[in-house]
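Take a look at the structure below.
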Amino acid sequence: MAKPDDDIPFFGDEEPRPAPASGGIAARAMAARGADRPAVAYLDGLNPEQTEAIETIEGPVLVLAGAGTGKTRVLTTRIAHIISTGRAWPSQILAVTFTNKAAREMKERIGFLVGQAVEGMPWLGTFHSIGVKLLRRHGELVGLRSDFTILDTDDVIRLVKQLIRAEGLDDKRWPARQFAHMIDGWKNKGLGPADIPEGDARAFANGKGRELYTAYQERLKTLNACDFGDLLLHPIRVFREHPDVLKEYHAKFRYILVDEYQDTNTAQYMWLRLLAQRPEAARGKDGGTGGVNICCVGDDDQSIYGWRGADVDNILRFEKDFPGARVIRLERNYRSTAHILGAAGHLIANNEGRLGKTLFTESEDPDAEPVNVHAAWDSEEEARAVGEEIEQLERDGHSLSDMAILVRASFQMREFEDRFVTLGLNYRVVGGPRFYERLEIRDAMAYLRVVAQPSDDLAFERIVNTPKRGLGEATVRQVHDYARARDMPMLQAAGELVQTDEIKAKPRKSLGDVVSDFRRWRDLMDSTKHTDLAEQILEESGYTEMWQNDRSAEAPGRLENLKELIRSMEEFESLPAFLEHIALVMDTDRNEQMDAVNLMTLHSAKGLEFETVFLPGWEEGLFPHQRALDEGGRSGLEEERRLAYVGLTRAKRRVHVWFVSNRRIHGMWQSTLPSRFLDELPEDHVSVAEMETSYGGYGRNHSGGPYGTSRFDRMGTSADPFTNAYETPGWKRAQKNRTDATRTNWGTRSGHAVERIAYGESGPAGRTIEGELVAKSTSDTPSEFSLGERVFHMKFGNGNIAAIEGNKLTIDFDKAGRKRVLDGFVERT
DNA sequence: AACGATCACCAACTC
DNA sequence: GGTGATCGTT
């Protein structure tokens, strides 16, 4: 086997092996070579299916790996196996993942198996980071210089907005965000401006869709920039238009592995096919093995990215694409209790079009808890109750890091955060609002981008007048127009303009200063350490000073973040390397070692596991998400169900599902119905929480509070909206529990009051609460209240009606101030 | 040109 | 609840 040029020293069959890393499994594996099976130690402890998935090295393989069945172990061991048996150099293995986290984890675990050799795997990464690597080499074939920049969604939207305005269109009527989203969708499908369907092209901006898309691509080219979609599309173009280049990679990548195959979109699929389907293999000249050594690992039940273009069909049609493919199912679960698996399996069985797997576990745990379902009045109480449960678990000796709260939508996080702050409970937001998205970080990055890449107009425009330098809209536009007219970067245009007298004296001076600043910084780039340079730039530009003079509450935090930014640059060797990292790797994993509760969305929970999982917000409209239902119809619902499945299967031992009766959405309180998914959980594996375990104490406290009313009363009413829709035995038991608890604890007086609050004066039968949005379903009905009327709201207390819009009331509350609420939630006093 | 106040609109998630 | 856009003011 010839050693590839870009490989690092490692062992091959003919070469002496370096001393293996001590304790490395590979070391033991090599020592054990020649013995009977398991021939190598790293295959110890694997079940037969896993072993098959690892040892079937030649030819196409699809591994259908259910949740918790050792998917990552199979992938990493397979790679270790390929390397250890000398079938390929580390650099000859292409291993793609979707997230940086997955790539990082895989790299770490391969490191445990093969030691140093993992450092020789340059082609282990996300689709996008590998795309960047390809384009740095071959970008010129599609008109990109090798120092191109990568635009994030924010940049894209700003750019699209400029283009929409340049076309003389109203950017209100045709929102840039929407068009950016459309472009992204086209790119996910592998469509360039010429390829998009006529209907799509006409759908936006009076038929100017295609024109705009073309203009957008043109603009990217002049900016020497790529958006995320281009990181996939450009390599595809290179491969298609330059067979010699493709051939080079065919020879290079002897083994291809794909993680989370069910999440590949069409462009990624095209990309993979180009690399995996070799013409010589098709002609049968490749040693009879079929030649396509591709191994895709995935789980159709965990496909949750349909809305961003992932195509489940990719996994469903694998066998057609790669004839002779071996399909291996991993169904033995090593993570969860039988209760959790039972609940998840029963839920997901409601989906059609599955490849079909049934997870099982062999561990028998007599103490295992069923899945717990809880009800709460509103999201605030939900957060409080979850907080209590967490504290109880903590007192029982569980560590916070073993618990996670998985929400459907990120806005749900705030209430938990608020609660945890009050409790002094450590928490960690995983994948939440990211560091790089912060205003000050983006500003600082813009400075660095202009220095590293003077043609980066988007970055230039962002900071040309930040801090304020007296360069207003008028001046910036002048520079912009000058640049566009001469097809040059704005920085250069600014440099030329200040030589002329086209600009008034004041802005001319500041613009000149900016230009010479950037010139100076740029000259320093080669001679100064990038961290020092960054510090110098922030200092000399007046940017840090701007925040030092800012007396707002956030300013100190922002300065802290800027320091953090400089610190995080340390580990990169150069400014460009750092900028690329930021563009692609948007997470900073700080505080990983702290013991803290994990808070994240269901999407970002995929691939993780926790002892205890809290799943709040199981309500119609939120989960399943209304938008998924509206846009995706049945398949949208199925995707939501898979998301629920992902949530449940994250748990090893305990699951607590919550739903609330009232949730505030867009600042308005809305009544909600429990999610249909609750109904799809099997009774055998579910227990509906008894009142005293989850509601005791604090509910009572509130009944004595300023607003007087207990919050659970509504549930005990005979007209309970849940009754009709939810007939399962488990559900009835839940009703019964609620009823009993209500009656015993709080009596009926407030029950009556709340009943009216919940249904308004028209009575329970008249106004059906229509699941997701009461506001929508009843907006035609004029409100029965009148202006100035004195009303009572159970959360906000007494107030006067200031305005009426259908059934939405604007009320000036005595204590809570002005709020907008639905009329169903207030009563006359 | 800069600033502060008010308003409209939005809020799945990843690279 | 937060943000960006817009308007009126200096």
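The numbers here are math on the coordinates, done by the rules we state, and not lab data. Just so you know, these numbers come straight off a predicted model, no measurement behind them. So basically every Cβ, Gly included, is an ideal-geometry build from the backbone, and we count neighbours across all protein chains shown.
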**Q.** √(5λ) per eigenvalue of the Cα gyration tensor, segment A:437-551, largest first, Å
**A.** 23, 17, 13
Q | Radius, Kirkwood style, for segment A:459-525 when every pair of distinct Cα atoms is counted (Å) | A | 11.9 Å
Q: Just list whichever of A:K161/A:K221; A:K187/A:K529; A:K133/A:K529; A:K133/A:K247 have alpha carbons separated by over 28 Å in the model shown.
A: A:K187/A:K529
Q) How many percent of Cα pairs in segment A:36-193 exceed 22 Å? A) 58 percent
Q: Can you tell me which of A:352-359, A:369-376 comes out highest on packing, and rank the rest after it, using the mean Cβ neighbours within 10 Å?
A: A:369-376, A:352-359
Q) Would you list A:K187, A:K247 from fewest to most Cβ contacts within 10 Å? A) A:K247, A:K187
Q.
If I take R0 = 60 Å and measure r between the Cβ atoms of A:R551 and A:A203 in this structure, what FRET efficiency does the formula 1/(1 + (r/R0)^6) give, to the nearest 0.05?
A. 0.80
Q) Which values of log₁₀ I(q)/I(0), to two decimal places, follow from the Debye formula for segment A:351-455 at q = 0.15 Å⁻¹ with a uniform point scatterer at every Cα? A) -0.88
**Q.** Exposure proxy ranking, count of Cβ atoms within 10 Å, fewest first, for A:L562, A:L406
**A.** A:L562, A:L406
Q.
Output needed for segment A:634-676: three equivalent-ellipsoid semi-axes, defined as square roots of 5 times the C-alpha gyration tensor eigenvalues, in descending order, whole Å.
A. 24, 16, 9
Q) Quick one: putting +1 on the C-beta of Lys and Arg, -1 on the C-beta of Asp and Glu, what dipole do you get for segment A:153-220 around its Cα centre, in Debye to the nearest 20? A) 160 debye
Q) From the cross-link list A:K320/A:K357; A:K509/A:K563; A:K468/A:K563; A:K71/A:K107, which pairs have alpha carbons spaced over 25 Å apart? A) A:K509/A:K563
Q: Largest first and to the nearest Å, give the Cα extent of segment A:153-220 along each principal axis.
A: 26, 24, 19
Q) Roughly how many whole Å is it from the C-alpha centroid of segment A:148-165 to that of segment A:495-548? A) 23 Å
Q.
How much length would be gained if the chain were fully extended between A:R522 and A:E167, taking 0.36 nm per residue of separation minus their Cα-Cα distance, in nm to one decimal?
A. 124.4 nm
Q) Given A:G542, A:L491, A:S510, which one lies farthest toward the positive end of the charge dipole of segment A:437-551, if we put +1 on the Cβ of every Lys and Arg and -1 on the Cβ of every Asp and Glu? A) A:S510
Q. When the dipole is taken about the Cα centre of segment A:289-392, and only Lys, Arg (+1) and Asp, Glu (-1) are charged at their Cβ, what size is it in debye, to the nearest 20?
A. 960 debye
